[in-house]
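Engineer: The structure that follows is given in the form of C-alpha cells.
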Amino acid sequence: MKAIQEAGNRLLEIAIDLAAIGGRVGLFPHERFDADAIGAAVSFSRALRALGCETSVLVDEAVPDSLSHLPGLEEIIIYEGMEDCPALDLAIAIDCYDADRMGERGACYLNSPLRGAVDHHVYEGEPDMLDLIDVSASSSCELVFSLIWELELQLSRPLFDETMAVLLLAGTITDTGRYSYSNTTPLCLRQAASLLERFRVDLAALHHNLYERTTVNRLQIKGDIFSTISSVADGRILLAHVSRAMLEKREAPDDELSNLASEIRAADDAAAVFLLIESENGDIRVSIRSNSCFDSQAFARQFNGGGHVKAAGMTLQGLSIDEAKEKIAVEAEHWLNICSKESDHE
Ligand SMILES: [Mn+2]
C-alpha cells in the first residue's frame with residue numbers, strides 16, 4: 001500500500017514541477033481504449049493542463065461510436081506514426097503499465113525521458129518509481145480521481161470540472177458493471193457522490209448511453225453470438241465466437257463486444273466464459289470472464305494476455321476459430337479441475 005502511495009506522490013510532485021515550467025506530458029491509454037482508459041486519460045490531461053502543463057492524449061484509433069457521447073474527446077490525437085509524437089518530458093501509461101499494450105505508440109511512450117503509469121491491472125515484475133498500479137482499485141478513473149483530489153488539496157484550488165465528472169463516472173461505472181462487480185470499492189462510490197454533489201451530471205442519460213443505447217444491427221449480432229454458445233465441463237465452461245463474416249453480415253463494428261462475455265457469465269453454473277472475436281488481421285481476441293475459483297488473469301497470462309481475476313483478455317494467432325476454441329476448452333477444463341480441487345481443500 002505504501003509503495004503505491006509513494007508512486008502516486010512522486011507522480012504528483014513531478015507533475016507540479018513540470019507545470020511550473022510548462023512541461024509536456026503525454027497520456028497513453030491502452031489500445032482499443034474503453035471508457036475507463038479514455039476517461040482517466042482525458043480527465044488527468046485536463047487537470048494537468050489546468051496546472052500549467054502542456055498535455056497530449058495519444059490514441060491508436062478514432063473514438064468508437066459507442067463512446068462518442070462522452071464529452072472532452074476533441075483533444076485526443078490519433079497517432080499514426082512518430083511524426084505525431086510530441087517531444088515529452090513525462091509519458092504516462094493509462095489503464096495499462098507498459099508499451100506492450102500501446103501498439104505503434106509504444107515507440108513514442110518509450111521516447112520520453114520520464115515514464116510512469118496509472119493502472120489497476122494485475123502486473124508482473126516490479127513497478128517503476130512512477131508507476132501507480134493499484135490492483136485493488138475499481139478502475140483507473142478511481143485512481144485518477146484520487147490524484148486530482150490530492151492536487152486540489154495540495155494546491156488549494158479547484159481542478160475538477162463537469163467534463164471530468166462525466167468521464168470519471170463513465171470509466172468507473174463501466175469497469176464495475178454499474179457498481180455491481182466485486183471490484184466495486186467504497187472509495188469509488190464516495191467519489192461518485194462527490195462528483196454528483198459538485199457537478200450537474202445527467203446520470204440517466206449517461207447510463208442510457210453506456211448500457212441501453214443500441215441499434216438493430218447490434219441486437220442482431222448479439223443474437224448471432226449468443227446462438228454460438230457451446231459448453232464443456234458440464235456447462236461450467238462456455239464458449240462463444242464472432243467471425244468477420246458474422247460481423248460483415250450485420251454490418252456491425254467489433255467494439256464493445258466483450259460486454260457480451262459478461263452477459264454470458266450470468267448463465268447458471270458458468271465458471272469460465274470465453275468469447276472469441278476474429279480480428280481483421282485474422283488474430284483471435286479472446287475475452288475471458290469468470291466466477292468461482294477460475295483466475296482469468298492467470299489463464300490469460302499463459303497466452304501473453306492479462307487483466308483481472310474475473311475479467312481478462314488475450315490474443316491467439318495462427319489458429320482458426322474452431323482450433324482456438326478446441327485449445328481453450330481443453331486448457332480451461334484442466335485449469336478448472338485444478339482450482340476446483342484446491343478450493344475443495346480450503
Ligand atoms: Mn480499467
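The values are calculated or read from the model by the stated rules, or taken from the named source; none is laboratory data. None of the values given here were measured: they were computed from a predicted structure. Please note: Cβ atoms are built from the backbone with ideal geometry, for glycine as well, and neighbour counts cover all protein chains shown.
Engineer: For region 233-242, state whether one or more residues are β-branched (Val, Ile, Thr), outside any loop (DSSP other than H, G, I, E, B) and within 16 Å of the ligand (Cβ to nearest atom).
Structural biologist: Of the residues in region 233-242, the ones β-branched (Val, Ile, Thr) are 237, 242.
With the extra rule that they be outside any loop (DSSP other than H, G, I, E, B), the set shrinks to 237, 242.
Going one step further and asking which of them are within 16 Å of the ligand (Cβ to nearest atom), we end up with none.
No, that holds for no residue.
Engineer: Given the residues LEU143, LEU88, which is the only one that is touching a residue at least 60 places away in the same chain (Cβ under 8 Å), within 18 Å of the chain's Cα centre (by Cα) and outside any strand (DSSP E or B)?
Structural biologist: On the way: LEU88 fails: within 18 Å of the chain's Cα centre (by Cα).
Within the list LEU143, LEU88, the selection yields LEU143.
Engineer: Considering only residues that are among the small types (Gly, Ala, Ser) and either modelled with pLDDT of 95 or more or not assigned by TED's automatic domain parsing to the domain that holds ALA240 (or both), look in region 314-342 and name the one that is surrounded by the fewest Cβ atoms within 10 Å (Cβ to Cβ).
Structural biologist: So in region 314-342, the residues among the small types (Gly, Ala, Ser) come out as 318, 320, 324, 329, 332, 340.
Add one more test, that the residue is either modelled with pLDDT of 95 or more or not assigned by TED's automatic domain parsing to the domain that holds ALA240 (or both), and what stays is 318, 320, 324, 329, 332.
Details: GLY318: 9, SER320: 12, ALA324: 21, ALA329: 17, ALA332: 24.
Only one residue fits best here, namely GLY318.
Yes or no, residue by residue, for (1) at pLDDT 95 or above; (2) under 23 Å from SER146 (Cβ atoms):
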| site | (1), (2) |
| --- | --- |
| LEU11 | yes, yes |
| LEU18 | yes, yes |
| ARG32 | no, no |
| ALA37 | yes, yes |
| ALA50 | yes, yes |
| GLU54 | yes, no |
| CYS85 | yes, no |
| ASP95 | yes, yes |
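Engineer: Quickly run through region 286-300 and pick out the residues that are without any contact (Cβ under 8 Å) to a residue 40 or more places away in the chain and assigned to a loop (DSSP other than H, G, I, E, B). Even if it seems obvious, please write down each step before you answer.
Structural biologist: Within region 286-300, the first condition is being without any contact (Cβ under 8 Å) to a residue 40 or more places away in the chain, and the residues that meet it are 287-291, 296, 298-300.
Selection gives ASN291 alone.
Engineer: If the requirement is being in a strand (DSSP E or B), modelled with pLDDT of 95 or more and of a type in the set (Val, Ile, Thr), which of these qualifies: VAL63, VAL118? Show your work before the answer.
Structural biologist: Numbers: VAL63 fails: in a strand (DSSP E or B).
On inspection, the qualifying residue turns out to be VAL118.
Engineer: So which of SER156, SER136, SER112 is within 16 Å of the ligand (Cβ to nearest atom), surrounded by fewer than 21 Cβ atoms within 10 Å (Cβ to Cβ), of a type outside the set (Asp, Glu) and in the same structural domain as ARG24 (by TED's automatic domain parsing)? Write out each step before concluding.
Structural biologist: Working: SER156 fails: within 16 Å of the ligand (Cβ to nearest atom); SER112 fails: within 16 Å of the ligand (Cβ to nearest atom).
One residue alone meets the criteria, SER136.
Engineer: If you don't mind, there's one more thing I want to ask. Inspect all residues belonging to region 323-337 and state whether any of them is under 16 Å from HIS241 (Cβ atoms) and either in contact with a His (Cβ under 9 Å, 6 or more places away or on another chain) or in a loop (DSSP other than H, G, I, E, B) (or both).
Structural biologist: Checked against the condition, which is being under 16 Å from HIS241 (Cβ atoms) and either in contact with a His (Cβ under 9 Å, 6 or more places away or on another chain) or in a loop (DSSP other than H, G, I, E, B) (or both), region 323-337 yields at least one hit.
Engineer: Among the numbered conditions (1) surrounded by 12 or more Cβ atoms within 10 Å (Cβ to Cβ); (2) modelled with pLDDT under 95, tell me where GLU212 comes up short.
Structural biologist: Unmet condition: (1).
Engineer: When you scan region 68-84, how many residues do you find that are in contact (Cβ under 8 Å) with a residue 40 or more places away in the chain and either within 16 Å of the ligand (Cβ to nearest atom) or hydrophobic (A, V, I, L, M, F, W, C) (or both)?
Structural biologist: Within region 68-84, residues that are in contact (Cβ under 8 Å) with a residue 40 or more places away in the chain and either within 16 Å of the ligand (Cβ to nearest atom) or hydrophobic (A, V, I, L, M, F, W, C) (or both) number 1.
Engineer: Further, regarding this structure: Among helices (runs of 4 or more DSSP H) lying entirely in region 165-228, which contain 2 or more residues that are over 30 Å from LEU247 (Cβ atoms)?
Structural biologist: Numbers: elements: 186-198, 203-207, 216-226.
Per the criteria, 186-198, 203-207.
Engineer: I need the full set of residues from region 16-37 which are outside any strand (DSSP E or B) and more than 12 Å from CYS96 (Cβ to Cβ), in order please. Step through it out loud before you land on a result.
Structural biologist: Our first condition is that a residue be outside any strand (DSSP E or B); within region 16-37, this holds for 16-23, 30-37.
Of everything in region 16-37, those that are outside any strand (DSSP E or B) and more than 12 Å from CYS96 (Cβ to Cβ) turn out to be ILE16, ASP17, LEU18, ALA19, ALA20, ILE21, GLY22, GLY23, ALA35.
Engineer: Among (1) part of a helix (DSSP H, G or I); (2) surrounded by 23 or more Cβ atoms within 10 Å (Cβ to Cβ), there is one condition GLU13 misses while meeting the rest; what is its number?
Structural biologist: (2)
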